[in-house]
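Asker: Have a look at this one.
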Amino acid sequence: MLLLALLIAFLAVVVAMFVLRRWTGRLASLATLIAGAIMALWLAEAGLLPGSKGPLTSNRPLVPGLDR
């Protein structure tokens, strides 16, 4: 739900940048901040952030003969 709200906010900011053509720098900064939050949520859901249960966790299967 939060991801959907952030996507809608991101699209609104991008549309405002093109329609208003004012405060472009501030709106671009806001769009970058929202995009970073979207990426962080997406990576957390995919399990690719440290501390999450995903393919990049520190728990690896032991290989007989190589691991002690």
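The values are calculated or read from the model by the stated rules, or taken from the named source; none is laboratory data. Being a predicted model, the structure only gives us computed values, none of them experimental. As a convention, Cβ positions derive from the backbone with ideal geometry for all residues, glycine included, and neighbour counts pool all protein chains shown.
Asker: Scanning the range 14-32 for residues that are surrounded by 12 or more Cβ atoms within 10 Å (Cβ to Cβ) and hydrophobic (A, V, I, L, M, F, W, C), which turns out modelled with the lowest pLDDT?
Answerer: Filtering first and then ranking leaves Trp23.
Asker: Counting only residues that are free of Cβ contacts under 8 Å to residues at least 24 places away in the same chain and more than 19 Å from Ala16 (Cα to Cα), how many does the range 31-44 have?
Answerer: So the answer is 4.
Asker: Another question, if that's okay. Pairs under 8 Å by beta carbon, first residue free of Cβ contacts under 8 Å to residues at least 60 places away in the same chain and closer than 14 Å to Leu41 by Cβ in the range 1-18, partner of a type in the set (D, E, K, R) and assigned to a helix (DSSP H, G or I), six or more apart or different chains?
Answerer: Leu3/Glu45
Asker: Here are some conditions: (1) modelled with pLDDT under 80; (2) surrounded by 12 or more Cβ atoms within 10 Å (Cβ to Cβ). Leu6 meets all but one. Which one does it not meet?
Answerer: (1)
Asker: Filter the range 20-31 for residues that are assigned to a helix (DSSP H, G or I) and over 9 Å from Phe10 (Cα atoms) and give the result. Please lay out each step first, then the result.
Answerer: Initial filter on the range 20-31 (assigned to a helix (DSSP H, G or I)): 20, 24-31.
Scanning the range 20-31 gives Leu20, Thr24, Gly25, Arg26, Leu27, Ala28, Ser29.
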